[in-house]
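What follows is one structure encoded as structure tokens, with my remarks underneath.
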Amino acid sequence: MGTQPTDEARLIAELKAGRKEAFDRLVELHYDRLHRLAFTMTGSAEDAADLVQETFLAAMKSVANFRGDARITTWLIAIVRNQFTLQLRGRRKWRHAPMEAATAVRARDPEPAVRPAVTAILERVRCLPEELRTALVLFYLEGMKYAEIAEAMECPVGTVRSRLFEARERLKKMLEGALP
């Protein structure tokens, strides 16, 4: 998903020039991905939509500072995470999302029946801390590479690896019955 680097540069230039069509294109290209991530963070479609809206507003306010060192997607994911953190500090109204709901938001076609083993994993994923859950969502649902996740989560690649390892280990222990 997203645009080619030259298309991204053109889109950023148009955004910096204040073109409404560029903003519309930005939303069209990135809304679904951001909404899925926001949904896993907030637990509600309405809260996720609010969070994504705040993300796009923050992006527009800071687009003049965007240097293009990262891909637009990575930049927007970092913004959505920062906006979520700000919301948590300010209102404490967000809830952790059930992971199975994130996969439902992702799907445009009807989902096939989920096997009980998959449902058991998804139920436990929602018990993970936000940074572990976000790393899992970006890696497994969004197909992002470690370096992209590291940029989006504003941490070293080694931290992404350790978060994914920790998340897998916790899930394994939960599935074996060692943890609730």
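Being closer than 11 Å to residue 12 by Cβ, under 16 Å from the mean Cα position of the chain (by Cα) and among the basic types (Lys, Arg) is the filter here, so list the residues in the range 58-86 that pass it.
71
Only residues that are farther than 17 Å from residue 36 by Cα and modelled with pLDDT of 85 or more: list them for the range 67-99, please.
The answer is 71, and nothing else.
Restricting attention to the range 54-67, does a residue exist that is within 22 Å of residue 141 (Cβ to Cβ) and surrounded by fewer than 17 Cβ atoms within 10 Å (Cβ to Cβ)?
no
Would you mention how many residues in the range 40-52 are within 11 Å of residue 84 (Cα to Cα) and open to solvent by 10 Å² or more (accessible area, probe 1.4 Å)?
2
Going by what's in this entry, would residue 43 be described as among the small types (Gly, Ala, Ser) and touching a Lys or Arg at 6+ places or on another chain (Cβ under 6 Å)?
The answer is yes for residue 43.
Of everything in the range 129-138 that's surrounded by 18 or more Cβ atoms within 10 Å (Cβ to Cβ) and in contact (Cβ under 8 Å) with a residue 40 or more places away in the chain, which residue is farthest from residue 74 (Cα to Cα)?
Only one residue tops the list, namely 133.
When only residues in the range 139-159 that are among the small types (Gly, Ala, Ser) and modelled with pLDDT under 90 count, which is farthest from residue 66 (Cα to Cα)?
143
One line per residue, one yes/no per condition, for (1) touching a residue at least 60 places away in the same chain (Cβ under 8 Å); (2) loosely packed, with under 15 Cβ neighbours inside 10 Å; (3) in contact with a Cys (Cβ under 8 Å, 6 or more places away or on another chain); (4) not hydrophobic (A, V, I, L, M, F, W, C):
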site: 140; (1), (2), (3), (4): no, yes, no, yes
site: 148; (1), (2), (3), (4): yes, no, no, yes
site: 156; (1), (2), (3), (4): no, yes, no, yes
site: 159; (1), (2), (3), (4): no, no, no, yes
site: 166; (1), (2), (3), (4): no, no, no, yes
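Yes or no: residue 23 among the hydrophobic types (A, V, I, L, M, F, W, C), in a helix (DSSP H, G or I) and either in contact (Cβ under 8 Å) with a residue 40 or more places away in the chain or farther than 23 Å from residue 155 by Cα (or both)?
Answer is yes for this residue.
The values are calculated or read from the model by the stated rules, or taken from the named source; none is laboratory data. The model shown is predicted, which means the values in this text are computed figures rather than measured ones. Reconstructed Cβ throughout: ideal geometry from the backbone, glycine too, with neighbour counts over all protein chains shown. Please note that ligands, DNA and RNA were not included when accessible areas were found on the heavy atoms of the full protein model with its side chains. Shrake-Rupley method; radii C 1.70, N 1.55, O 1.52, S 1.80 Å.
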